[in-house]
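Data first, discussion second: the structure below is written as structure tokens.
The numbers here are math on the coordinates, done by the rules we state, and not lab data. Every value quoted in this text rests on a predicted model; they were computed, and no experiment measured them. All Cβ positions, even for glycine, are placed from backbone atoms using ideal geometry, and neighbour counts span all protein chains on display.
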Amino acid sequence: MLSLFFQIGFMATFTVASLQIIPGSTITTAGTNQHMQAHGGGIVEVDNVFYLIGENKLAGSAFQSINCYSSTDLVQWTFVSELLTLQSSGDLGPNRVVERPHVLYNDATSKYVMWMHIDDSSYAEARAGVATSASICGDYTYLGASQPLGFQSRDLNVFKDTDGTGYLLTEDRANGLRIDLLSADYLSVVSATYLYAQDYEAPALYKSGSTYFMFASHESGWSPNDNIYCTATSLAGPWSAWADFATAGSNTFSSQTAAIVNINGVVMYMGDRWQSTNLMTSTYVWLPLTISGPTAALHNEVNWILNIAAGTWTTGPSETTPEAESSTNSWAGGARILTCSSCSNASDIGYIGGPSPGGTLTFKGISSTVSTTTTIRIHHNNGDSTQRYANVVANGVSKVIAFLPTTGGVPGTSTLTVPLNAGTGNTIVFEAYNSGWAPDIDRLMVPVS
Ligand SMILES: *[C@@H]1O[C@H](CO)[C@@H](O)[C@H](O)[C@H]1NC(C)=O
């Protein structure tokens, strides 16, 4: 089985070389056909499958569920299950705060242990909750919440050291950011390991060689700031001074730290681009993080390719950018050219979809130099406060794609991963899904290779 998996994985890297991670985009997940709802979380790898576990914000800030999605390439994601679900009362009841779920595997008990921030809607309880499961995306049994060592606990994360020792990272508003030692079964906090004098939140710990890197953000609510990091060779300190790791003034490329993960040798920053007025539209900012000696530096990329088998990454390939309203294309059934000042060529195509027969837009002559599965960016406008959908048919193969709301007429980006044929004969049709209105389409960004 193992060798079969590696063979498939090896072949897959040949044929899916243009799969792209696109920060800030709508990511439509198989199994829901909706934008991925796993905010404030992290990725756990089990048997060469990556599981993203995070908060469901589909209906706003209050707790709805903790979701789990799976992927083998970090681009195409499938909804697996809800790990914790809304209860009629208690810590997981209505109008509760359940944030930043993070999971560690405990080798001694063979259990997956989830720690999460538990609070009431005014953030007055400030407790850390714990739950366990026999499998990564199984049903988690909620065991309760407490204030670790009697201190407030808000944003939290977990860390498993190379010797298997577990730690809880927790933000104690009254005193500062803490590293606490977990018990051997990871289910309780045993003692304090370190207290940073600064009151930072959104912690994430990463170990490279013998150097520990602590990442965190300043406190500015849902708005992003320049996140910072510091290093030490012992968790008990001494820790270096805090420093920026992304371009100063970029507000960490408009994101807040959620986790730092190692994907087969590529260190990846996982951040949340929170949208406080409509939290379900929050997107994911995943970017390569360069660790060199005791320094960490984050690259901003519009699109990038992660080669998991090789443990390498590259920036995205060059692209063609076909306009929806180009005379090469065709539209019918009521779809028409609209003026759109923030769109490229100041126009897009609207009235796609809608009641039967519905408007359609057909991109013709889409080119690729190779036959490959590739990730196309779709620039779109959706003035609603909820997602719009389209049935997108690429060379006869259809897929439902979601499109998050956009604001101020400025196009947003959704992602479409489809096989393209070598040559200029590719056709991509946008049409109604369930008789709903699709978004207005501005243009596509199609990798040339
Ligand atoms: C730009 O938009 C106009 C209509 O507004 C259209 O006729 C023209 O073909 C578009 N140009 C390109 C390059 O797509």
For this session: Based on other C-beta atoms within 10 Å, arrange Glu319, Glu325, Glu55, Glu201 from fewest to most.
Result: Glu319, Glu201, Glu325, Glu55
Problem set entry | From phi via Karplus (6.51, -1.76, 1.60), per-residue ³J(HN,Hα) for the range 192-203 in Hz, x at Gly/Pro | 7, 9, 7, 10, 7, 5, 6, 9, 9, 10, 6, x
Exercise. Looking at the chain, how many pairs of lysines come closer than 27 Å at the Cα, when each pair is eight or more places apart or spans two chains?
Worked result: 6
For this session: Please report, in whole Å, how far the alpha carbons of the chain spread along each principal axis, starting with the longest.
Result: 68, 45, 45
For this session: Please find, in a Gaussian network model of the chain (springs between Cα atoms separated by less than 10 Å), the residue of Leu86, Leu169, Leu52 whose mean-square fluctuation is greatest.
Result: Leu86
Exercise. Taking every eigenvalue of the Cα gyration tensor of the range 304-422, multiplying by 5 and rooting it, what semi-axes result, largest first, whole Å?
Worked result: 26, 17, 15
For this session: Under 20 Å from a label point 7 Å along Cα→Cβ of Ser356: give me every residue in the range 420-449 with its amide N that close.
Result: 430-438
For this session: List Trp239, Trp77 from most exposed to least, where exposure is judged by having the fewest other Cβ atoms within 10 Å.
Result: Trp239, Trp77
Exercise. Label-point separation (nm) for Leu195 and Val302, each offset 7 Å from Cα along Cα-to-Cβ?
Worked result: 4.9 nm
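For the chain, what does the helix formula give at 222 nm: sum of -39500 (n - 2.57) over DSSP H segments with n ≥ 4, over the residue count, nearest 500 deg cm²/dmol? Let's see the in-between values first.
On the way: 2 runs with 18 residues, N = 449.
Value at 222 nm, helices only, nearest 500: -1000 deg cm²/dmol.
Quote the charge dipole size of the chain about the Cα centre in Debye, to the nearest 20; the model charges only the Cβ of Lys and Arg (+1) and of Asp and Glu (-1).
720 debye
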Exercise. Label-point separation (nm) for Thr407 and Val448, each offset 7 Å from Cα along Cα-to-Cβ?
Worked result: 3.6 nm
Problem set entry | Relative contact order computed over the chain (Cα-Cα under 8 Å; 6+ residues apart), in percent | 13 percent
Exercise. Which distance in Å, rounded to a whole number, links the C-alpha centroids of the range 228-289 and the range 400-449?
Worked result: 29 Å
Problem set entry | Virtual spin-label span in nm between Ala422 and Leu86, 7 Å along Cα→Cβ | 5.2 nm
Exercise. Which residues in the range 186-212 place their backbone N less than 11 Å from a point set 7 Å from the Cα of Gln147 along the Cα-to-Cβ direction?
Worked result: none
Problem set entry | Stretchable slack from Ser371 to Asp139, in nm (0.36 nm times residue separation minus alpha-carbon distance) | 79.4 nm
For this session: Residues in the range 265-283, backbone N under 19 Å from the label point at Thr295 (7 Å along the Cα-to-beta-carbon vector): list them, ranges by number please.
Result: 267-269
For this session: For an R0 of 56 angstrom, estimate the FRET efficiency from the Cβ-Cβ distance between Val49 and Thr339 and round to the nearest 0.05.
Result: 0.75
Seminar exercise, completed: Ranked on Cβ counts within 10 Å of their own Cβ, fewest leading, Asp161, Asp180, Asp244 go Asp161, Asp244, Asp180
